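**Student:** Here it is, the structure, as structure tokens.
The values are calculated or read from the model by the stated rules, or taken from the named source; none is laboratory data. These figures come from a predicted structure and were not determined experimentally. Here the Cβ positions follow ideal geometry from the backbone for every residue, glycine too, while neighbour counts run over all protein chains shown. Heavy atoms of the whole protein, side chains included, go into the accessibility calculation; ligands, DNA and RNA do not. Shrake-Rupley method; radii C 1.70, N 1.55, O 1.52, S 1.80 Å.
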Amino acid sequence: MRWFAFYLPQYYETVENDKWWGKGFTEWTHVKAAKPIFKGHFQPVVPLSKNYYNLLDKQTVEWQTSLMKQYGIDGFVYYHYYFCGKRLLEKPAENLLQWTDIDQPFFFCWANHTWYQAKNGVKRVLIKQCYGDELDWERHFHYLLPFFKDSRYEKKDNKPVFMIYDPNFDELKPMMKYFDSSCKKNGFDGIYIIEVFSDASTPNNFSKLIRNKSDQTEKICIREPAVSKAIWQYKQKYTIGRLFRKVCRELAYRGIISSVEKYDGSKLLEVTFDKEYPRGDNLCHGVCFSWDNTPRHGVRGYIITPPTKEMFMKYADSIRDDEFVFVNAWNEWAEGMMLEPTERDGYKYLEWISEWKNKH
């Protein structure tokens, strides 16, 4: 079993983020500004040695590569943002392509979702995902081709691996047929597509189910809410204004209410041992050690507590026959999912993975 971690490239300034979120915005902006919402809520999370890195710095990429190899991570899954010719957050992958001396295995996950901005209860589109026609597919493929040809890019049976975050769009089959044919014209045996599936009623991104050809879907995970039902219903029914958010935050901090949903990480893993949970040679599973997206969403966020080490080991044992396991994530700091070391936990989750791999 090979371990790949999802990799967020939003740690450098871009023209678009400056326009949408303010000058100098990166993912660190949310992380540094985070505050506890209730008593016992641990925020902000600080990188070990306050390493608020810039992904355009080569030394940072060298450090990340050394760290992943030291602890047994087999590669990164770079989020790839592509909107009919428009690219976002593309520089880290493009730099890696040029830095051939950095031996970092990787492949792309096309994060093909529309980008939104929510302010004062109003949600607006920043950039809409569209899929175009064959001319657009050709342009997209030829952008990807230099990456596919790179020796560090992951291949399966001489097919470049390409993950699709949301496979539910009408153009998927003809587009991937075009990609497959184009790969064959360029010396490959086709393209290897991995589709991502997660149950809509499951906390987003916790334990993704990855497939390449099955129609099975993920069983709902057990959830452990820690939210006042009346407050939550009110928040769902009415626009959350600035004053209401402030009141919720103050009441939560005083321990009067819990304004953030919480889920038990061990229970979320435990459900996968249910005999009805989908299995099969064509399925790969994911794991997430924690989640807290309140730095990004405030009281609209939610939290997944870390599983115990014992539960993680048991889960890893249960999926040991999978070809891949996908860790969410290497560096999703504003959503509380990171293998990178923190001031509080050090290298804990990397050490868990390394220990499991050393035993197997």
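**Student:** With both partners inside the range 93-203, how many of the DSSP beta bridges are antiparallel, as a percent to the nearest 5?
**Tutor:** Bridges in the range 93-203 that DSSP calls antiparallel: roughly 45 percent.
**Student:** Further question on the same structure: I'd like the FRET efficiency for Thr114 and Glu351, computed as 1/(1 + (r/R0)^6) with the beta carbon distance as r and R0 of 51 Å, rounded to 0.05.
**Tutor:** The value I calculate is 0.85.
**Student:** Mind giving me the FRET efficiency for Asn51 and Lys184? R0 is 45 Å, r the Cβ-Cβ distance, nearest 0.05 is fine. Show your work: numbers first, answer last.
**Tutor:** Values: r = 43 Å, r/R0 = 0.96.
Efficiency for this residue pair is about 0.55.
**Student:** While we're here: Take the residue pairs Lys69/Lys128; Lys69/Lys314; Lys123/Lys348; Lys267/Lys359; Lys35/Lys86 and return only those whose Cα atoms are more than 31 Å apart. Before the final figure, lay out each step's value.
**Tutor:** Working: Lys69/Lys128 36 Å; Lys69/Lys314 23 Å; Lys123/Lys348 37 Å; Lys267/Lys359 24 Å; Lys35/Lys86 34 Å.
Violating the 31 Å Cα-Cα cut-off are Lys69/Lys128; Lys123/Lys348; Lys35/Lys86.
**Student:** Also, quick follow-up: Sort out for me the Cα centre separation of the range 26-53 from the range 285-360, rounded to whole Å.
**Tutor:** Between the Cα centres of the range 26-53 and the range 285-360 lies a distance of 17 Å.
**Student:** What distance in nm separates the two pseudo spin-label positions at Lys35 and His297, each 7 Å out from Cα along the beta-carbon direction?
**Tutor:** 2.0 nm
**Student:** For labels at Asp166 and Asp74 in the simple 7 Å Cα→Cβ model, what's the distance in nm?
**Tutor:** Here the modelled spin labels are 2.9 nm apart.
**Student:** With every protein chain left in place, what is the accessible area of Tyr7 in Å² (1.4 Å probe, nearest 10)?
**Tutor:** Spelled out: Tyr7, probe radius 1.4 Å, area about 0 Å².
**Student:** State the three equivalent ellipsoid semi-axes of the range 26-119, derived from the C-alpha gyration tensor as the square roots of 5 times its eigenvalues, in descending order and whole Å.
**Tutor:** Equivalent ellipsoid of the range 26-119: 26, 22, 12 Å, largest first.
**Student:** Quick check: at a probe of 1.4 Å, how many percent of the accessible area of the range 31-102 sits on carbon and sulfur atoms?
**Tutor:** C and S fraction of accessible area: 47 percent.
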